[in-house]
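Here the structure comes first, spelled out in structure tokens, and everything after it is commentary.
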Amino acid sequence: MNNIISVIRGDITKQVVEAIVNAANTSLRGGGGVDGAIHRAAGPQLLQECITLKGCPTGEARITRGYQLPAEWVIHTVGPIWRGGKAGEDERLRDCYIHCFEIVREKKIRSIAFPSVSTGAYRFPLERAVRIAITVTKECIAQCPHLEKVMFVCFDETTYEWYQHIVSEK
Ligand code: ADP
């Protein structure tokens with residue numbers, strides 16, 4: 001299973017995979033961070049398609065085309081905003097990954113790259129978020145037999161180090 005999962009430091013918009021995941025907001029109309037980077041790289045058609053989706057609740061996921069990205073698809077998921085940990089944040093973050101992998105199963109996507117959902121502007125504690133991401137991913141991979149590659153694309157060194165550490169520990 002660990003040869004399916006890899007951790008790299010880099011820019012998710014550059015990844016040559018079938019699908020990249022966007023850490024979006026409920027409006028799906030673009031934003032800062034990785035969301036802004038993905039919209040800039042994909043071009044204005046991405047926003048046009050996102051508008052037709054009429055938003056996405058926290059913890060769910062929606063798929064669009066990737067337009068000018070190397071990736072064919074973008075799976076937009078909305079992570080929880082950290083509010084101290086007692087507002088269901090762990091469950092909502094878990095739901096994000098579960099819903100992304102549901103789409104992977106439906107579309108028979110073979111390779112996917114994730115950013116570190118919720119740990120930027122949404123301030124989810126990094127180690128806690130990484131543990132959730134890796135645990136759910138390992139559970140979901142078992143149910144996606146066609147899946148060949150799951151990448152975690154880390155933008156900064158601290159995020160990269162936590163992913164490396166937690167992937168290799170279990
Ligand atoms: P959220 O609002 O879900 O916290 P952010 O985009 O603010 O989303 O941050 C999520 C993570 O994505 C952070 O670790 C941030 O450094 C990272 N990030 C920002 N730009 C990119 C990019 N181009 N590729 C990969 N990760 C990115």
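The values are calculated or read from the model by the stated rules, or taken from the named source; none is laboratory data. Just so it is clear, the structure is predicted and the values come from calculations on it, not from any experiment. We place every Cβ from the backbone using ideal geometry, glycine too, and count neighbours over all the protein chains shown. Quick note on the areas: whole protein, heavy atoms, side chains included, nothing else; ligands and nucleic acids left out. Shrake-Rupley method; radii C 1.70, N 1.55, O 1.52, S 1.80 Å.
Details
- Only a single criterion out of (1) open to solvent by 30 Å² or more (accessible area, probe 1.4 Å); (2) outside any loop (DSSP other than H, G, I, E, B); (3) within 14 Å of the ligand (Cβ to nearest atom) is not satisfied by Q45, namely (3).
- Failed criterion for K149 (all others in (1) touching a helix residue (DSSP H, G or I) at 6+ places or on another chain (Cβ under 6 Å); (2) closer than 25 Å to K108 by Cβ hold): (1)
- Once segment 84-138 is narrowed to residues that are more than 11 Å from the ligand (Cβ to nearest atom) and aromatic (F, W, Y), the residue that is farthest from C154 (Cα to Cα) is F101.
- Residues (assigned to a loop (DSSP other than H, G, I, E, B), of a type in the set (A, V, I, L, M, F, W, C) and at pLDDT 95 or above) located in segment 1-18: I4, V16, V17
- Total residues in segment 1-37, condition among the β-branched types (V, I, T), open to solvent by 20 Å² or more (accessible area, probe 1.4 Å) and either without any contact (Cβ under 8 Å) to a residue 40 or more places away in the chain or near the ligand (Cβ under 7 Å from one of its atoms) (or both): 1
- Residue within segment 21-29 that is out of contact with any strand residue (DSSP E or B) (no Cβ under 6 Å at 6 or more places or on another chain) and part of a helix (DSSP H, G or I) present: no
- Test: G55 is away from the ligand (no atom under 13 Å from the Cβ) and surrounded by fewer than 15 Cβ atoms within 10 Å (Cβ to Cβ): no
- The criterion of at least 1 residues that are open to solvent by less than 60 Å² (accessible area, probe 1.4 Å), in contact (Cβ under 8 Å) with a residue 40 or more places away in the chain and touching a Cys at 6+ places or on another chain (Cβ under 7 Å) is met by the following strands (runs of 3 or more DSSP E) wholly inside segment 58-170: 61-65, 73-78.
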